[in-house]
Structure formats: structure tokens, C-alpha cells
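None of the figures in this text is laboratory data; all of them are computed from the coordinates on show. Predicted, not measured: the structure shown is a model, and the values here were computed from it. A quick note on method: Cβ atoms are made from the backbone with ideal geometry, for glycine too, and the neighbour counts reach across all protein chains shown.
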Amino acid sequence: IEFGLKLPTGTHTQALMDRDTQIGTGTTDLLLGGYHLWQWEGWGMYAQGMYAYALDRMDGYRPGDRFNAAVGAHYDGLAPDYRIVPLAQLESSFRGRDSGPSADPDNTGYQRLFISPGFEAQISQRMSVYADVEVPIYTHVNGYQLVAPLLVNTAIVYNF
């Protein structure tokens, strides 16, 4: 089980930008989630979900509630010393409409579903590289919103 707070630290006052597209929202959000990991005959699998709920408003703006969930698998059984691990994920994201006089509820909120193939490569005992491509299977946005045709994630991880 995971829980926490998203603090209102990102800017939300940029000129000529919708509140929905700012780096921050100006609100404190409650985060509740969980995950489960398991192994089965060379496969590693997981399921996770996270719900975000804005506890307050800033200048009459409250972002829509958000829920993200994912299930994924990676295959570790190619060889004991294999350093590249293929993986696949199915990810979903749901966001409600923003509310308040500073919001644009007709043009906020969405439902998205992605399939995401990728890999993780172990570079050394402490360093690894992760990359995936999120390809949309289903996308529905309310009103007029820009939507990326695909998302690319990369990370270089160093364990201290």
C-alpha cells in the first residue's frame, strides 16, 4: 500500500496557459495506491494503481481526480546472466474534469489505455537503463485537447 501528499510546489501562474497545462496545480493532493509483485517460472509480474484527489482549491481551481493503473510482465528466464530484460505493460489513465471558476471543465478530463513494450538493461552492479514506448490503444478526451500520438520513456538508474 502506498500513500502520500503531492505538495503545491510547481508553478501554476504562467501567462497565456490553461491551468490544466501548467506544471503545478496549486493544490495539495492526497495520493492513495498499491502494488503487488510476483514471480512465476522465469516471469516477473506486477499490478499497481494510484488515485490522486485534490484536497483544496487554488484561486477557484480544482484539478480533476486521477486514477492510473498498470499491469506488466518481464521475462527473466532467458539465461541466468542475461543483462537485457524484455518487458511489456498495459497502462490506463483516467482523469475527471477540472472544476471551479478558473477551470475549463468542457475541455479537461480523459480516459486512455496504452500498450507499452520496452526493456531494462543492466549496465553494471549499480546502473541500469530503462526504455519503453507507450502506444495508445484507446483515447477519449473531453472537448478540445492536444494528445500525443505516442509516449517514449527512458531512465538511467543509479543505485547508491
**Request:** Taking ARG57 as the residue in question, decide whether it is closer than 17 Å to ASP104 by Cα and within 15 Å of the chain's Cα centre (by Cα).
**Result:** no
**Request:** Check TYR61, TYR35 and return the single one that is of a type in the set (Phe, Trp, Tyr) and crowded, with 17+ Cβ neighbours inside 10 Å.
**Result:** TYR61
